[in-house]
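Chemist: My questions will all concern the structure given below.
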Amino acid sequence: MNAEQPTIPRIWVFVEQQEHQVHPVSWELLGAAKRLSADLPGSVVEAVLLGHQVADLAPQAFQYGASRVYLIDHPVLEIYRNMPYAVAVSQLVTEYRPEIFLIGATTLGRDLAGSIATRVGTGLTADCTELSIDPANHILAATRPTFGGNLMATILCRRHRPQMATVRPRVLPMPEPVPDATGEVVHVPFDMREEDVPVKRLRLIRAEEQPNIEYADVIVAGGRGVGGPEGFALLQELADALGGMVAASRPVVDAGWMDASRQVGQTGKTVRPKLYIAAGISGAVQHRVGMSGADVILAINTDPNAPIFQIATLGIVGDLYEVIPALIREVKGQSYDGQAHL
Amino acid sequence: MNGDNPMHAVVAIKQVPDTSNVRIDPETGTLIREGVPAIVNPYDIHAVEAAVQLKERLGGGKVTVITMGPPKAAEALLECVEQGADRAILITDRKFGGADTLATSYVLARAIEVINAELPVDIIFFGKQAIDGDTAQVGPGVATRLNIPLITYAVAIEEFDLAARRAVVHRRVEQGIEVLETTLPVLLTVEKEIAPVRHAPLPRLIAAARYKPEVWTATAPVPFDPQQIGLKGSPTVVGKAYTPSPRSGGEVISVAALGLDAVVARAMAVIEQAHVRNLQPGTGVVS
Amino acid sequence: MTGRLTFDAIVVGAGPAGVAAALTMARGGLNVIIIERGRFAGAKNLFGGVFYTHALADVLPDYWERKPPFERPVTEQGYWMLSPDSVIRVMHKSERYQKEPADAYTVLRARFDPWFAEQAVAAGALLITRTTVTQLLKDERGRVIGVDTDRPEGKVYAPVVIIAEGVNNLLTQQAGLIASDLPPKYVALAVKQYINLPAKELQARFGLSGPREGVAIDVFGDATLGLPGTGFIYTDQSGISIGVGMLLDEFVTHRLRPYEVLERFKNHPVVRPYLEGGEVREYGAHLIPEMGYDRMPKLAGDGVMVAGDAAGMVDALHREGTNLAITAGKIAGETALAAHQAGDFSAAFLSRYRQSLEGTFVLQDMKQYRRMTDFLESSPQFMGTYVNLLNEAALRYFTAHGIPKRTMEHEILKMVRERRSFTGVAWDMLKLMRAMRG
Ligand SMILES: Cc1cc2nc3c(=O)[nH]c(=O)nc-3n(C[C@H](O)[C@H](O)[C@H](O)COP(=O)(O)OP(=O)(O)OC[C@H]3O[C@@H](n4cnc5c(N)ncnc54)[C@H](O)[C@@H]3O)c2cc1C
Ligand SMILES: Cc1cc2nc3c(=O)[nH]c(=O)nc-3n(C[C@H](O)[C@H](O)[C@H](O)COP(=O)(O)OP(=O)(O)OC[C@H]3O[C@@H](n4cnc5c(N)ncnc54)[C@H](O)[C@@H]3O)c2cc1C
Ligand SMILES: Nc1ncnc2c1ncn2[C@@H]1O[C@H](COP(=O)(O)O)[C@@H](O)[C@H]1O
């Protein structure tokens, strides 16, 4: 039924929505898709949107760079479930044959991506941190950390299409939306009865609202060097003064000084704040992979050989219990004279 | 797959290098595998435990563990037998080498079909992800191939009704815990919370030390489709591998040398440079 | 409970002593279980690095065909006497070292122990790892009848238990074979690093012609800040084993931290160039029992024997331990076989173990060096003063000052006298001879 030439390379992005909220990683991916598109002659950037009564989200996708949105709107897609979503998206893929398909490496995205790839029989690179077009043969070069972040591997999918990749939130920059951008919405019919879905959601036990450090602009992070849970009150004070959030390294979380939702790093969150203050953090590779995308890194550590200094914009060799209080005084002091925001 | 037999669970496990011990050769940039201890993928051992606990809860049943890997992976299977698995199958052949997640899911799905033909399978457990690859794709791939329901990030099995062919499973999602009802058979990929790993009793260790895992090759007892295994069956290839190039650092100054005031002044300059002074408290909390 | 877990013999610990015992018993047809607490045999074991093959050849005559994971044959060995800035090297190299299997090889325990344990398993022994023996089980008459472990349903029974638990001899104490913990005076603490170096580079630095050559160096003097103790440097396949060992007492009295002593040794101007560019791959500390012949535990009780480090079977002077352990394990195993034949597991019967051992180098060497530990501790000048003196003397001797040689000889003697009286020197020599003769 598809009359269009399959030769147009389509770069697809899955727009993840739950409860009518789009996960920001979808927009980060549209930004990445645009950059890839510049290196892939003739290509177009398009979005895939599924759900029930979600058509009003399509304009956002245009603003972030999609020229077209494939929309499947159906009651069985009201809440995310693997089977109907995988079937619906696979159907789209088979029909429109995108060249590249990007999905956020969120809980939902990782559940879905593997199923789609298996259905359509293609390759999928999980949890990428970098995407580019291989200039030699115009294919996707998807780079991801392996072996505990010790090694980076660039994965290629030469013959199968689409070339699929999932990408972690916050490893790619958030593009600026273009307010009046528009595009085409393609409504795609979908045929499935609720009785045919083997899994039903009985209920959702909502967790307390979790702090979302992934999208914080300022992060004050503490490591084992903070010495105990009390010290984090001090970091919180600095974070408050700067309008940021407190985060932590893994030993801090393991010791129970901070909640796991605040862990930065390979097994925690990836963050890209404008300012990352690392206090009492040695800067192990597993920590760095989660924060080296910060614009500015300020590190405070008593050990002049701490690896964190290798990536810090400014490294301060000193006791955090001396430096942080002085910083707090300075930040607060300055805001009182003149800068009205605090 | 029917409800007349006692419960039958299959667990797919993988042997992985203990990544907390992995080192990179600074000269060649390659992975030093030598001397790195191999362990059962941490999530997978919880998957085995969950299967064994389910068996105990139902008052009987059978747990079969499978792995695709090198001959050495037999060690990992034995650890699962210690943990309470009844049968262990090592799927090993040079021809499986170089498999990506698509090829791996083919082999495991095909093996499970064969196991199911012998004794119907009610539930399949996978780890959430393997710590060497962190892909979390093999489980979803196998469920898709077997065309059975998939529940990822499972943290608890609330109900398991063999006769009625249904189960209620909790899974962790960003908003909290989702409680799902599913038909059987179902495939779960599990978080560690699904079941704390117990210290295996000594008689099980002794049984495991005497146990010999079954060995399946690419051709016997099950012929696998040569087009779908190993490198041939893998759409993705590794283009290149390299050690992450460190972001280069700036200056390092010390309180001892410059004094606190000078250091703080420099720090303030860097903070200004980040253009963050005008932010409101609380930015970043996505509610 | 349906039936006890029962074996013909239980071995605690899969080190050289335990494996040798298990291997011997399994070959003799006994149903043997070895219980080891590490993830695998050798997982936590550490030693300096020179393994003597004679004892292995005794328990496993065809060991060479079974491809033991040795690092390098020792083709050159000797001593370095280190002062703070110089060294006197006394090294021995001989054509006669150039045959394989050699008398001695450097070995890494994480590779060797699993191989050795495999040989016992191949002979039919059952190896259970990740399981710690917590306690000996005794009957109402106090005879050992089995062991309990940290596992659920963890009791195992056997008419004879061989304790090969190494230096932390908790079970040996429980068996009533030794009164208490070793006093710090009779235990050495050693720290060791394994430093990776490409084989080619390593060979160039140590003047080795290829992978079939290796050196073993024991270092005295400044390696241990002139205190009684030794440093060592051994070449492995593609790496260096380097460490220092001193009596626990010395660390305590001089408030030294073991790893600092090692760092200092590594940074010695003579040592550093050998290590440059290497990466530390393994780091560990381990105790060495140096209680000597006179303080050894009883070697057998009712239903129980003890072998290896647990029994203090170490010849510290010659850095031998694994070979004593293997020979003792073998004889303990043979004794257990005889006991099964006789159906007698009493202390009286098992005392044959000690009698047989008296006829071997194990107890004979231990006897000969029975005074060594006490001697070194009471005569710290051997490691400090004398080593420095020798270096000073060498410096003067080898340097041309334009001073008449006769004057120089006087100066050297004067220097000796300033630091230690002639009678003191004479005494020291006498004491040393005595200690060596036993
Ligand atoms: C597979 C794997 C995954 C991992 N995932 C993560 C992850 O997601 N996130 C993560 O963070 N880690 C992770 N790790 C752990 C990581 O390897 C490091 O162990 C960890 O990051 C170290 O945390 P730290 O810097 O807080 O502690 P340490 O390394 O102990 O460093 C503490 C630092 O504090 C300094 N210090 C002490 N006192 C003071 C003071 N008064 N003032 C200033 N400085 C002081 C010390 O000099 C030291 O540098 C992972 C490890 C593995 C193997
Ligand atoms: C630094 C250093 C350098 C040395 N250099 C040399 C050398 O160059 N040449 C040489 O021949 N010797 C050397 N030795 C001595 C040698 O290592 C020992 O004498 C030898 O290992 C003793 O063997 P063993 O079997 O008695 O004990 P070990 O090798 O210590 O083995 C004991 C085993 O028992 C296990 N175990 C202990 N308690 C329990 C329990 N309760 N339950 C279960 N398992 C248990 C342990 O995990 C271990 O595997 C050195 C020692 C040290 C520390
Ligand atoms: N080679 C394999 N053999 C058996 N199970 C595997 C294999 N690879 C992955 N798995 C299973 O799939 C899960 C997810 O692995 P991955 O998709 O590689 O992150 C693991 O936790 C295992 O349960």
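The values are calculated or read from the model by the stated rules, or taken from the named source; none is laboratory data. The structure presented is a predicted model; accordingly, all values stated were derived computationally and were not measured. Please note: Cβ atoms are built from the backbone with ideal geometry, for glycine as well, and neighbour counts cover all protein chains shown. Just the protein is used for accessible areas: all its heavy atoms, side chains included, with ligands, DNA and RNA removed. Shrake-Rupley method; radii C 1.70, N 1.55, O 1.52, S 1.80 Å.
Chemist: Along each of the three principal axes of the Cα atoms of region C:24-85, give the extent in whole Å, ordering the values from largest to smallest.
Modeler: Projected onto its principal axes, the Cα set of region C:24-85 covers 57, 28, 16 Å.
Chemist: Which residue, chosen from C:TYR79, C:VAL107, C:ALA55, occupies the Cα position most advanced towards the positive end of the dipole of region C:10-119, where the dipole is computed from +1 (Lys, Arg) and -1 (Asp, Glu) charges on Cβ about the Cα centre?
Modeler: C:VAL107
Chemist: Report the FRET efficiency, 1/(1 + (r/R0)^6), for A:ASN305 and A:GLU230, where r is their Cβ-Cβ distance and R0 is 22 Å, rounded to 0.05. If you can, show how the numbers build up before the last one.
Modeler: Values: r = 27 Å, r/R0 = 1.23.
Computed FRET efficiency for A:ASN305 and A:GLU230: 0.25.
Chemist: For a paramagnetic label modelled at 7 Å from the Cα of C:THR399 toward its Cβ, which residues of region C:66-95 fall within the zone defined by backbone nitrogen distances under 16 Å?
Modeler: Correct set: C:83-88.
Chemist: Could you tell me the distance between the Cα centroids of region C:230-285 and region A:227-301, to the nearest Å?
Modeler: Value for the Cα centre distance between the two parts: 36 Å.
Chemist: Placing +1 at every Lys and Arg Cβ and -1 at every Asp and Glu Cβ, with all other atoms neutral, what dipole size does chain A have around its Cα centre, in debye to the nearest 20?
Modeler: The dipole of chain A has a size of about 900 debye.
Chemist: Per-residue mean of other chain beta-carbon atoms within 10 angstrom of the beta-carbon, peptide B:257-267?
Modeler: 5
Chemist: Let me ask another. Once you place label points 7 Å from the Cα toward the Cβ at C:MET91 and C:ASP103, how far apart are they in nm?
Modeler: 1.9 nm
Chemist: Of the GluC sites (Glu not before Pro) in region A:166-229, which ones lie in a loop per DSSP and count no more than 14 other C-beta atoms within 10 Å? Intermediate results must be reported in sequence, preceding the final value.
Modeler: Numbers: sites: A:GLU184, A:GLU194, A:GLU195, A:GLU208, A:GLU209, A:GLU214; in loops: A:GLU208, A:GLU209.
In loop regions of region A:166-229 (DSSP not H, G, I, E or B), the sparsely surrounded GluC sites (Glu not before Pro) are A:GLU208, A:GLU209.
Chemist: Mind jotting down the distance between the C-alpha centroids of region C:91-135 and region A:84-113, whole Å?
Modeler: One Cα centre to the other: 55 Å.
Chemist: If the cut-off is 19 Å between C-alpha atoms, which lysines fall inside it for C:LYS298, apart from same-chain ones fewer than 8 positions away?
Modeler: C:LYS138, C:LYS330, C:LYS367
Chemist: Something else: Which helices pass in chain C if a helix is a full DSSP H run, must span at least 27 angstrom along its long axis by Cα, and must have mean Kyte-Doolittle hydropathy not below -0.5?
Modeler: Counting only whole DSSP H runs, the qualifying helices are C:322-342.
Chemist: Applying 1/(1 + (r/R0)^6) with R0 = 22 Å to the Cβ-Cβ distance of A:ALA181 and A:ALA55, what FRET efficiency is obtained, to the nearest 0.05?
Modeler: E between A:ALA181 and A:ALA55, to the nearest 0.05, is 0.85.
Chemist: Could I ask something else about it? Considering every residue in A:150-159, what mean count of other chain Cβ atoms within 10 Å of its Cβ is obtained?
Modeler: 6
Chemist: Using +1 at the Cβ of each Lys and Arg and -1 at the Cβ of each Asp and Glu in chain B, identify which of B:GLN175, B:ALA262, B:GLY59 lies farthest towards the dipole's positive end.
Modeler: B:GLY59
Chemist: Run through all the Cα pairs of region C:184-289 and give the fraction in each 10 Å bin from 0, expressed as whole percent.
Modeler: Reading the bins upward from 0: 15, 48, 27, 9, 1.
Chemist: Looking at chain A, identify the longest residue range that excludes and avoids all trypsin sites (Lys or Arg not before Pro) in DSSP loops having at most 15 other Cβ atoms within 10 Å.
Modeler: Answer - A:1-157.
Chemist: Quickly work out the B:GLU159-to-A:THR7 label distance, labels modelled 7 Å from Cα along the C-beta direction, and quote it in nm with one decimal.
Modeler: Label at A:THR7, label at B:GLU159, 5.8 nm between them.
Chemist: Using 31 Å as the Cα-Cα cut-off, could you pick out the over-long pairs in B:LYS62/B:LYS192; C:LYS192/C:LYS414; C:LYS44/C:LYS185? Working shown, then result.
Modeler: Numbers: B:LYS62/B:LYS192 21 Å; C:LYS192/C:LYS414 39 Å; C:LYS44/C:LYS185 24 Å.
Flagged as over cut-off: C:LYS192/C:LYS414.
Chemist: Using the C-alpha atoms of the protein assembly as shown, what convex hull volume per residue, in cubic angstrom, is computed?
Modeler: Working: hull volume 228.8 nm³, N = 1067.
Cα convex hull per residue, to the nearest whole number: 214 Å³.
Chemist: Let me ask you something else. In square angstrom, rounded to the nearest 10, how much accessible surface does A:HIS52 have for a 1.4 Å probe?
Modeler: The accessible area comes out at roughly 50 Å².
Chemist: State to the nearest 20 debye the size of the charge dipole of the protein assembly as shown about its Cα centre, where the only charges are +1 on K and R beta carbons and -1 on D and E beta carbons.
Modeler: 2660 debye
Chemist: Related question: Which sequence of A:VAL186, A:VAL271 reflects their accessible areas, 1.4 Å probe, from the largest down?
Modeler: A:VAL186, A:VAL271
Chemist: In region A:10-196, how does Rg compare with the Kirkwood Rh, expressed as the Rg/Rh ratio over alpha carbon atoms? Each step should come with its number before you reach the end.
Modeler: On the way: Rg = 15.5 Å, Rh = 16.4 Å.
Using Cα coordinates only, the ratio equals 0.94.
Chemist: Among the aspartates and glutamates, which have Cα under 19 Å from the Cα of C:LYS67 when same-chain residues fewer than 8 positions away are ignored?
Modeler: B:GLU34, C:ASP58, C:GLU100, C:ASP103, C:ASP113, C:GLU118, C:GLU213, C:ASP236
Chemist: GNM, chain A, Cα, under 10 Å: largest mean-square fluctuation among A:PRO41, A:PRO169, A:PRO145?
Modeler: A:PRO41
Chemist: A follow-up question, please. Which one, A:VAL331, A:SER282, A:ALA306, projects farthest toward the positive side of the charge dipole computed for region A:258-334 from Cβ point charges (K/R +1, D/E -1)?
Modeler: Of the candidates, A:VAL331 comes out farthest on the positive side.
Chemist: Further question on the same structure: Roughly to the nearest percent, how much of the accessible area of chain C is carbon and sulfur, given a 1.4 Å probe?
Modeler: 53 percent
Chemist: Given a 1.4 Å probe, how much area per residue of chain A is accessible, in Å²?
Modeler: Per residue, chain A has an accessible area of 38 Å².
Chemist: A further question on this structure: Which positions within region B:118-136 get 40 Å² or more of their accessible surface covered by the other protein chains, compared to the chain by itself, with a 1.4 angstrom probe?
Modeler: Output list: B:ASP132, B:ASP134.
Chemist: Take every residue in peptide A:105-116, count the Cβ atoms of other chains within 10 Å of its Cβ, and give the average of those counts.
Modeler: 6
Chemist: Next question, about the same structure. Using helices alone, I'd like the mean residue ellipticity at 222 nm for the protein assembly as shown: each DSSP H run of four-plus residues gives -39500 (n - 2.57), total over residue count, nearest 500.
Modeler: Dividing the helical sum by the residues of the protein assembly as shown leaves -9000 deg cm²/dmol.
Chemist: For the pair A:ASP196 and C:LEU432, how long in nm is the line joining their label points, each one 7 Å along Cα→Cβ?
Modeler: That separation, rounded to one decimal, is 9.4 nm.
Chemist: Taking the Cα centre of chain C as origin, sum charge times position over the Cβ atoms of Lys and Arg (+1) and Asp and Glu (-1), and report the length of that vector in debye to the nearest 20.
Modeler: Working: 50 positive and 49 negative charges, 116 e Å.
Value, rounded to 20: 560 debye.
Chemist: Here is a follow-up. Rounded, prolate or oblate, given the Cα gyration tensor of region A:213-337, with a/c below 1.5 counting as rounded?
Modeler: rounded
Chemist: Evaluated at 4 °C with a viscosity of 1.567 mPa s, what Stokes-Einstein diffusion coefficient in µm²/s does chain B have when Rh comes from the Kirkwood expression over alpha-carbon pairs?
Modeler: It comes out at roughly 60 µm²/s.
Chemist: May I ask you to derive the FRET efficiency for B:GLU113 and A:ASP259 from their Cβ-Cβ distance with R0 = 41 Å, giving the value to the nearest 0.05?
Modeler: Between B:GLU113 and A:ASP259 the formula returns 0.45.
Chemist: Nearest 100 Å² is fine: how much accessible area is buried between A and B, summed over both sides, with a 1.4 Å probe?
Modeler: Counting both chains, the buried surface is close to 7300 Å².
Chemist: On to the next question. Mind checking region C:196-279 for GluC sites (Glu not before Pro) that DSSP puts in a loop (not H, G, I, E or B) and that have at most 13 other Cβ atoms within 10 Å? Don't jump to the answer; show the numbers that get you there.
Modeler: Values: sites: C:GLU201, C:GLU213, C:GLU250, C:GLU260, C:GLU263, C:GLU276, C:GLU279; in loops: C:GLU213, C:GLU276.
Those satisfying the criteria are C:GLU276.
Chemist: Top mean-square fluctuation among A:LEU29, A:LEU275, A:LEU202, Gaussian network model of chain A, C-alpha springs under 10 Å?
Modeler: A:LEU202
Chemist: Take region C:75-148, compute every pairwise Cα distance, and split them into 5 Å bins from 0; I just need the percent in each bin.
Modeler: Final binned percentages: 3, 10, 10, 11, 12, 12, 9, 8, 9, 9, 6, 2, 0.
Chemist: Three principal axis extents, largest first, for the C-alpha atoms of chain C, in Å?
Modeler: 89, 48, 38
Chemist: Next question. In region A:34-165, carbon and sulfur make up what percent of the accessible area (probe 1.4 Å)? Could you put the intermediate results ahead of the total?
Modeler: Values: 2010 of 3990 Å².
C and S fraction of accessible area: 50 percent.
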